[in-house]
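Contents: one structure, followed by commentary.
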Amino acid sequence: MFITIEEGNYKICPFLEKNQGKITEFLSISTYEEMEARANTWGISMKILDEARRFGYAKYDSFENFDCISLEMPDFEKVMISFGSVIIYLEKGRAFFFTSQKDRVLDVLEESAKSLGEKISLNRIIYLFFEAQTREDYQVFDSLEKEIMDLEQALITSQKHNCVSDIISLRKRLMFLKRYYEQYLNVLDILGENENGIFDGKTLRSFKMLNRRTERRFQSVLNLRDSVTQVRESYEAEVDISLNSTMKVFTVVTTIFLPLTLIVGWYGMNFTMPEYDWKYGYATVIVISVLFIIGGIYFFKKNKWF
């Protein structure tokens, strides 16, 4: 049965009681503010813990007789935001959690312990804690896929003309997920090697299954990135087509009025022409100019260039 015992301002959570009530496995949860004091009490190197705090999304270091794991706890409802970080110091039969979100870590561990019932063990608790980190990620995949499809539909139907900010936002979120899963997979790979013999065979098999599921999620992220790339290329093609259409209009208008430019240049010369004295000269120039415009429009319409 899962029990929480208060000792000072930190908690120790025993899981197994053997040999007439002697605790053979236990787990401790402390905040980062309590880390130095707890490290001194349990003989843990503060240098290793300090280095573990300087990590990206997930990191696994294996030392002699113990492992040190650093994890970011992502909030998949708000991609690029996390619930906080946690450092897990593992020895055989003992686990020490140091975190910025003590209540959240404790809630996850208590929920995991209750789900195990009589089959509770420290190894299974640690596995379920890892499994819980990506338990809700399918929601973000569904949301991102729907967002990409809606954006693509808006482009096709011309309901939206400026998609740059949406595309950038999608790419940033997918980049975050890609980097997270890359590092998380590295942790699972090293964890599966079990160099210090911390985990039993059943737990290792569970971690291997979690590794395969995470690989599929990572592949889903890559597929979504490809989809965003296709949407971006479609948007760029749409912009190019729009720009070409605009340039086509300007070219046609310029070509239609080019003869008028010639007439202006001709009659702008600084010498007298015979038609200056003709009473119908001004009207004739106007008629010729209008005929040039009508003829140009007719020619472009006939050839479907305008």
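Descriptive notes on the structure:
- Conditions (1) open to solvent by 90 Å² or more (accessible area, probe 1.4 Å); (2) under 30 Å from Asp137 (Cβ atoms); (3) charged (D, E, K, R); number of the one not met by Lys279: (2)
- When Asp189 is tested against the conditions (1) over 30 Å from Phe66 (Cβ atoms); (2) surrounded by 11 or more Cβ atoms within 10 Å (Cβ to Cβ); (3) without any contact (Cβ under 8 Å) to a residue 40 or more places away in the chain, the lone failure is (1).
- Cβ separations smaller than 7 Å between residues 6+ apart or across chains give the following pairs from the range 33-52 residues that are farther than 13 Å from Phe97 by Cα to residues that are modelled with pLDDT of 85 or more and open to solvent by less than 30 Å² (accessible area, probe 1.4 Å): Met46/Ala39; Ile48/Cys68.
- Residue within the range 256-275 that is in contact with an Asp or Glu (Cβ under 8 Å, 6 or more places away or on another chain) and either at pLDDT below 75 or closer than 30 Å to Asp142 by Cα (or both) present: no
So that you can scan it fast, the table gives a plain yes or no per residue for (1) open to solvent by 10 Å² or more (accessible area, probe 1.4 Å); (2) out of contact with any helix residue (DSSP H, G or I) (no Cβ under 6 Å at 6 or more places or on another chain); (3) among the hydroxyl-bearing types (Ser, Thr, Tyr):
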| residue | (1), (2), (3) |
| --- | --- |
| Lys178 | yes, no, no |
| Tyr181 | no, no, yes |
| Glu193 | yes, yes, no |
| Asp200 | yes, no, no |
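- Boolean, Leu243 is assigned to a helix (DSSP H, G or I), out of contact with any Leu (no Cβ under 9 Å at 6 or more places or on another chain) and farther than 30 Å from Asp166 by Cα: no
- Residue check for Glu36: open to solvent by 50 Å² or more (accessible area, probe 1.4 Å), closer than 20 Å to Val187 by Cα, in a helix (DSSP H, G or I) and of a type outside the set (Val, Ile, Thr): no
- Considering the conditions (1) out of contact with any Asp or Glu (no Cβ under 8 Å at 6 or more places or on another chain); (2) modelled with pLDDT under 85; (3) buried (at least 16 other Cβ atoms within 10 Å of the Cβ); (4) closer than 20 Å to Gly93 by Cα, Glu118 is excluded by exactly one of them, (3).
- When residues in the range 286-306 are screened for being part of a loop (DSSP other than H, G, I, E, B) and either open to solvent by less than 70 Å² (accessible area, probe 1.4 Å) or touching a helix residue (DSSP H, G or I) at 6+ places or on another chain (Cβ under 8 Å) (or both), 3 of them pass.
- A search for C-beta distances below 9 Å between a residue of the range 85-99 that is on the phi > 0 side of the Ramachandran plot and at pLDDT below 90 and any residue that is open to solvent by 20 Å² or more (accessible area, probe 1.4 Å) and aliphatic (A, V, I, L, M), counting only pairs 6+ apart in sequence or on different chains, returns Gly93/Leu16.
The values are calculated or read from the model by the stated rules, or taken from the named source; none is laboratory data. Owing to the predicted nature of the structure, the values given are computational and were not obtained by experimental measurement. Positions of Cβ are backbone-derived with ideal geometry, glycine not excepted, and every protein chain shown enters the neighbour counts. Just so you know, the surface numbers come from the protein's heavy atoms only, side chains and all, with ligands and any DNA or RNA stripped out. Shrake-Rupley method; radii C 1.70, N 1.55, O 1.52, S 1.80 Å.
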